[in-house]
Amino acid sequence: MFWDRNVRGLYEFLGGYVRERQREGAMREVDPRVVVRAFVGAVIHHSLNNTLWDTRRSLLDITDERAAEEFARILLEGVKTRERPADKPRRAAATGARKKPRKRSGEK
């Protein structure tokens, strides 16, 4: 009952948002459940630390609201698509060689 109403509902709600943003091209393809687990895990870990182990918040003294904002920002920056200008070459990982820029649509 709790699981279906709260946990599953949260995964479906946030996962739906992630899927929508993926369809729009704003987020890279990754299982939406993984994205939700990462966010919820950060929030729950923060809550457990403050409630059980670090009640004086000696390790991280920020408001819960700020923590949620920062966790969301970290997560969203990690899953957003990376648009690169066509004229900015990517570095090849092992050799340091540069790829030629891709042609823009309509260019010959």
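Where a number appears in this text, it was derived from the coordinates with a stated rule and is not lab data. Computed from a predicted structure; not experimentally measured. As a convention, Cβ positions derive from the backbone with ideal geometry for all residues, glycine included, and neighbour counts pool all protein chains shown.
Structure notes:
- Overall, segment 2-79 carries a charge dipole of about 160 debye about its Cα centre when +1 sits on the Cβ of Lys and Arg and -1 on the Cβ of Asp and Glu, all other atoms neutral.
- A cut-off under 15 angstrom between Cβ atoms defines the neighbours of residue 7, and their net charge, with Lys, Arg +1 and Asp, Glu -1, is +2.
- Segment 38-61 and segment 64-83 have Cα centres spaced 17 Å apart.
- If the convex hull is drawn through the Cα atoms of segment 2-79, its volume per residue in Å³: 96 Å³
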